[in-house]
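All remarks here apply to the structure that follows.
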Amino acid sequence: MENPAKILLVEDNQMDIILTLDAFREAKLKNEIKVVRNGQEALDYLLGRNKFNDRTIYPMPNLILLDLKMPGIDGFEVLRQIKSTEVLKRIPVIILTSSKEEGDRTLSYDIGANSYLLKPVSFDGFTDVVKKIDDYWFTLNINAPGV
Amino acid sequence: MKRFVFKNQAIKTKLVLIIMSTSFIAVIAALITYISFDMAGIKNDLKKNALLNAELVGQYSVAPLLFGYSDEARDILSKLYSIPDIQDACLYSALSSEIIASYQKTPDKSFVFPSLQNESIIFSKGYLHIYHVITFKEKYCGAIYLKISAIALKDRFQKNLLVSGIIIFLLFLIVYFISSRLQKLISVPILKLAEVSENLSISQDFSNRLYYSGNDEIGILYQQFDNLMFQISQRQIERDIAEAKLNTTNEQLHIELTERKQREEELKQSEGTIRSLFAAAPVGIGILKDRKQTSINSYWCKILGYTEENLLGKSTRMLYENDNEWNRIGEVLYTDLKGKGISSVESRMIRSDGTLIYVILTIAPIQQDNPSSGYLGIIHDITGRKKAEEALRISEERYRFLFEQNPVPMLIYDRNTFKLLAINEVFINHYGYSSDELLSMSLPDLYPPEEKERIVELAKTLQSRAYVGEWHHIRKDGSVITIIVTSNDLEYMGRECRIAVIIDITDRKKAEEEIQKLNQTLEYNVAERTAQLVSINKELESFSYSISHDLRAPLRAIFGFSQILSRRHRESLNEEGRQYMDYIVEASVRMEQLINDLLNYSRLGRKSLDMRPLSLNKIIDTVYADFKQRLEEIQARFAVDNDLPVISGDESLLRQIFTNLIENAITYRRNDVPLEIGIHSETVSEGYLLKIVDNGIGIPREYWEKIFKIFQRLHSEEAYPGTGIGLATVKKAVSLLNGTVWVDSVVGQGSTFIISLPPNKNQNGKPS
């Protein structure tokens, strides 16, 4: 792949952001990872609104990693909007959360999550998860055209 | 086909047949004679003609014969073709007797001319063969042979037969016509005679007369027959008169006989009736003369217990207790009899076995105007009736006692008028009315106004059955009591009544109502408390869930960064720093385990149950797959019955249960022996028992219940790592499946966890 796939990470916890990014580094993955800190920002980024209107700096991602529990617009709302917006709905969305709750799982899949992953507690766990994400979603999986 | 028998034919047919056969024989004879003569003549003509032809040809052939000119001779013979009847001819020479010339009308090589024979004419096979000697001037010149067809003869014979046939047929018709006319002259009178005699034998009427005009033999026959008939008819008349007389006498005799028979029958019947009455009557009947038993029936003997021989001829004194009684009976009966002709008296008699019986004695003279003919005596045993009367009296007394002395109120009312007819002492005391007041009241008067109508409606339907019901009564002081009344039919003083037993349950009712009230309050309180508890429980569960959940984020930071530090910056730390960093990582691992266990535990309470039939073997297979590597590493034996039941349960709960129990067995294994885990099942009446058996360190009895409580641990974290939540989770999951779990263990030998699950009743069960 000439251009490594671009990932949008939607996460409000600073330490989880660092761990995730560090895990990508540890796994020696070259993906370009853009980070937004809440639901509002995530939607703005994806729709190219406000400060994100320059696609050369804020390109359309090939994959979205989405936390559920966020202040304001939460992960479910973001997912619902993505899946009901024509230009966004085919981008794979992976829920990355610490909740194993039945209700959360059911709702996520109901509104169109493509995958549901549990945030590992250990750093090794994180590294393992991002490796597997890369393996599956960028090597094995074939995206919809234009994604 | 019926055989034709001449003698059975009608006389008409016989006459016709006789005439026709006679004529037929005559005609046949005439025709045969005629045809014979005719044929003989024709034959003679044929011979003459042939001889003439032979002579003629012979004379022509003299010269060739004499000179042996066979060619000339053949010429002459060939002239014969003008006579068509000549078939073959030849000439024999005088010298050699050889054939010198021959002729054939139709040449036939196979025909052989016969050798010379003497002068002769022969008929053979439809041909005439002629051998004729030819002489010239009385000198033998040779001979000639001619074969002439006799077909003319045959034709003539056939013609004759045809003509004869026609003649016979015509004659036959004529004869039949004539004979069938003529036969009537004889047959008609004979047939008539036959007809008359046949009619006579049917009608038996000989008064008809016969007439015939002729004086021939038939006339004489008619005359004789007529005379005979006249005489028979005379005799018949005489006989009829005699017969009529005889009949009258017979009838009178018959009537007399029938009447006598009837009288005899009546007499016999009446005697039979009396005899069977005597024998079969269910009363003792005897004939008494001078108070001696001269004849008695079997019932008489039966009543008194004697055989007939014991009693016959004996005085009736033996049947009584003493002389006085015997004399009294005699006086009463016989004195009484003088006025009425029949009398009876009640007395007692002694049976053969000494027992006393009550009897009614009845006597009547056999002949009213002649007492010396004896008396008819009847004994009627009334002991049974006497006893029944006595029993009834005792029973009535007993019931009266039961009624009067009964400790509960009782009453008797008329079923038709509802009037109260009797009440017992207790009733009077309980209700406060006087006896007189009650006896003037009727049933509805006892009831409160709202029940009066209903009790009357009900009472109308009560008949031939017992009734039990709850009602209210009003006492004289106006107080209302609740009663249970039991009633049934009773005949009392000749009336259709009902007897009722009344139990006052007013106090009991009150007590019951109070208990019910208390119960309701209690139920309400319990429900309220349960609801409160459920709600508190929920709150607690969700509280512990969010705590554990929120604990994860900081833990991730501690764990994640300490791992990064211990990996990437290990070298820049001194020994102590490295040691502490490892402690942080280790603590993080335990913390994560603790949080996971807590989350699992609290999640159970909020989980929706998905109950469906599940194969336990399948579930354990999946769980085993997770442990396979670890179990192999420690060389553990894992044995599962392969016939575990299919039960109704929630898959994730069951997996949780088995995961935790296996995890537990691994944690608390003994170090000196390889671990053995066994899973077995039993079907019992209450459902299923699942047993998870290990050979671990075991649990002392005092901890058997404690271990199922959350955070209860028996061992230090260092000795056996664990969170103290696993078994609590098992207990909770089992109880969510409506089951129970307990442990049985021997320290140092192992533990058996027993799970009891209910049978598969509600497969679609929803969580309660």
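The values are calculated or read from the model by the stated rules, or taken from the named source; none is laboratory data. As the structure is a prediction and not an experimental result, all values here were calculated from the model. Heads up, the Cβs are rebuilt from the backbone with ideal geometry, glycines too, and the neighbour counts pull from every protein chain shown.
Kindly indicate whether any position in segment B:382-389 is of a type in the set (Ser, Thr, Tyr), closer than 30 Å to B:Phe427 by Cβ and out of contact with any Leu (no Cβ under 7 Å at 6 or more places or on another chain).
Looking for residues that are of a type in the set (Ser, Thr, Tyr), closer than 30 Å to B:Phe427 by Cβ and out of contact with any Leu (no Cβ under 7 Å at 6 or more places or on another chain), one finds none in segment B:382-389, hence no.
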Exception for B:Asp507 within (1) touching a Cys at 6+ places or on another chain (Cβ under 8 Å); (2) free of Cβ contacts under 8 Å to residues at least 24 places away in the same chain; (3) among the charged types (D, E, K, R) falls at (1)
If you scan segment B:713-737, which residues turn out to be crowded, with 20+ Cβ neighbours inside 10 Å and either outside any helix (DSSP H, G or I) or aromatic (Phe, Trp, Tyr) (or both)? B:Gly722, B:Thr723, B:Ile725, B:Leu737
Would you point out which residue out of B:Leu609, B:Leu614 is hydrophobic (A, V, I, L, M, F, W, C), within 14 Å of another protein chain (Cβ to nearest Cβ), within 30 Å of B:Arg655 (Cβ to Cβ) and not in a helix (DSSP H, G or I)? B:Leu609
Residue within segment A:98-107 that is more than 18 Å from A:Lys34 (Cβ to Cβ), within 14 Å of another protein chain (Cβ to nearest Cβ) and surrounded by 22 or more Cβ atoms within 10 Å (Cβ to Cβ) present: yes
Filtered residue count, segment A:100-134, keeping only those that are under 21 Å from B:Val589 (Cβ atoms), within 16 Å of the chain's Cα centre (by Cα) and either outside any helix (DSSP H, G or I) or hydroxyl-bearing (Ser, Thr, Tyr) (or both): 5
Say whether the condition of being among the polar types (S, T, N, Q), closer than 30 Å to B:Ser82 by Cα and exposed (fewer than 11 other Cβ atoms within 10 Å of the Cβ) is met by at least one residue in segment B:157-180. yes
Find the strands (runs of 3 or more DSSP E) located wholly in segment A:1-95 whose residues include 3 or more that are in contact with a strand residue (DSSP E or B) (Cβ under 6 Å, 6 or more places away or on another chain), touching a residue at least 12 places away in the same chain (Cβ under 8 Å) and under 19 Å from A:Leu118 (Cα atoms), and list them. A:6-10, A:63-66
Tally, over segment B:625-675, of residues that are over 25 Å from B:Leu736 (Cα atoms), of a type in the set (D, E, K, R) and surrounded by fewer than 17 Cβ atoms within 10 Å (Cβ to Cβ): 7
Segment A:119-140, residues that are of a type in the set (A, V, I, L, M) and at pLDDT below 90: A:Val121, A:Leu140
Restricted to segment B:514-546, and to residues that are within 14 Å of chain A (Cβ to nearest Cβ) and in contact (Cβ under 8 Å) with a residue 12 or more places away in the chain, which residue is surrounded by the fewest Cβ atoms within 10 Å (Cβ to Cβ)? B:Ser542
Residue under evaluation A:Val121, criteria (1) farther than 19 Å from A:Lys6 by Cα; (2) away from chain B (no Cβ under 11 Å), criterion not met: (2)
Could you look through segment B:603-621, keep only residues that are more than 60 Å from the chain's Cα centre (by Cα) and surrounded by 14 or more Cβ atoms within 10 Å (Cβ to Cβ), and pick out the one that is farthest from B:Ala728 (Cα to Cα)? B:Lys607
For segment B:404-418, enumerate the residues that are surrounded by 10 or more Cβ atoms within 10 Å (Cβ to Cβ) and free of Cβ contacts under 8 Å to residues at least 24 places away in the same chain. B:Glu404, B:Gln405
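Mind telling me which of the residues B:Arg603, B:Arg578, B:Arg637, B:Arg630 ends up being over 30 Å from B:Ala553 (Cβ atoms) and either in contact (Cβ under 8 Å) with a residue 12 or more places away in the chain or facing chain A (nearest Cβ under 10 Å) (or both)? Steps first, answer last, please.
On the way: B:Arg603 fails: over 30 Å from B:Ala553 (Cβ atoms); B:Arg578 fails: over 30 Å from B:Ala553 (Cβ atoms); B:Arg630 fails: over 30 Å from B:Ala553 (Cβ atoms).
Unique residue meeting the criteria: B:Arg637.
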Condition check for B:Trp326: assigned to a helix (DSSP H, G or I), surrounded by 15 or more Cβ atoms within 10 Å (Cβ to Cβ) and either touching a residue at least 40 places away in the same chain (Cβ under 8 Å) or charged (D, E, K, R) (or both): no
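Let's see how each residue does on (1) in contact (Cβ under 8 Å) with a residue 12 or more places away in the chain; (2) exposed (fewer than 14 other Cβ atoms within 10 Å of the Cβ); (3) within 28 Å of B:Ile168 (Cα to Cα):
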| residue | (1), (2), (3) |
| --- | --- |
| B:Ile35 | yes, no, yes |
| B:Asp45 | no, yes, no |
| B:Leu52 | no, yes, no |
| B:Leu116 | yes, no, no |
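Residues checked against (1) farther than 17 Å from B:Ser751 by Cα; (2) at pLDDT below 90:
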| residue | (1), (2) |
| --- | --- |
| B:Gln635 | yes, no |
| B:Arg669 | no, no |
| B:Glu676 | no, no |
| B:Ser681 | no, no |
| B:Ser685 | yes, yes |
| B:Leu689 | no, no |
| B:Ile692 | no, no |
| B:Lys706 | no, yes |
| B:Ala719 | yes, yes |
May I ask you to verify whether A:Asp135 is surrounded by fewer than 18 Cβ atoms within 10 Å (Cβ to Cβ), free of Cβ contacts under 8 Å to residues at least 12 places away in the same chain and within 14 Å of another protein chain (Cβ to nearest Cβ)? no
I want to confirm something. Restricting to segment A:20-34 and keeping residues that are within 12 Å of chain B (Cβ to nearest Cβ) and crowded, with 18+ Cβ neighbours inside 10 Å, which single residue is nearest to A:Asp128 (Cα to Cα)? A:Ala23
